[in-house]
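Report on the following structure.
Any read-out appearing in this document is the output of simple, stated calculations on the displayed coordinates, not a laboratory observation. Model, not experiment: these values are computed from the prediction. Counting neighbours? That spans all protein chains shown, and the Cβs are built from the backbone with ideal geometry, glycine included.
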């Protein structure tokens, strides 16, 4: 998800300044995608340039409060109404790494798989703890559930890779 759409979605519920947007974005995503405040303000500047948000009055600390425009609302609706296409996502580094390890022939592919499996187990433990500690409601839970399901799917895929490699021996 582009950060711009996340910020637009948050602004669709009311005006906010950059620090509020950053805090709400991180709370909504369960802090699984931390944002740099510079990234928030750079994105807001681009959204303003594109006519999707407009700056308003400054708050008592002098921070500019941004509001979504009608064009921003239309862009947000378009984004929510458009499915995510798997081919639009970045390449999967793990798939590429394992394919190259197999092709290299001198790499211990079983060790590469073991190293990844260990990392995934650690990640699953952390995600499970984060889910138990989640206090931000359904949005945060959905994000954490998605990450857990993806990690579990990666483990199943690693099992499959081991089975395929055993068959080829």
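Which angle between 0 and 90 degrees, to the nearest 10, do you get for helix 138-167 versus the longest principal axis of the chain when only C-alpha atoms count? The answer is roughly 20 degrees.
Computed extension gain for residue 163 through residue 118, at 0.36 nm per residue and net of the alpha carbon distance, reaches 14.4 nm. At full extension, residue 132 and residue 13 could sit 40.1 nm farther apart than now, given 0.36 nm per residue minus the alpha carbon distance. Spin-label model, residue 97 to residue 74: label points 7 Å out along the Cα-to-beta-carbon direction sit 4.4 nm apart. Straightening the chain between residue 37 and residue 148 buys 37.3 nm, computed as 0.36 nm per residue apart minus the Cα-Cα spacing. Principal axis extents of the Cα atoms in the stretch 1-135, from largest to smallest and rounded to whole angstrom, are 62, 33, 26.
With respect to the chain, whose longest principal axis is taken over its alpha-carbon atoms, helix 18-28 is tilted by about 40°.
Compute the long axis of helix 37-49 from its Cα atoms, compare it with the longest principal axis of the Cα atoms of the chain, and write down the angle in degrees, 0 to 90, nearest 10. Approximately 60 degrees, to the nearest ten. In percent, how large is the relative contact order of the chain, given Cα pairs closer than 8 Å and 6 or more residues apart? After rounding, I find 22 percent. In terms of packing, defined here as the mean over residues of other Cβ atoms within 10 angstrom, the peptides 12-24, 141-153 line up highest first as 12-24, 141-153.
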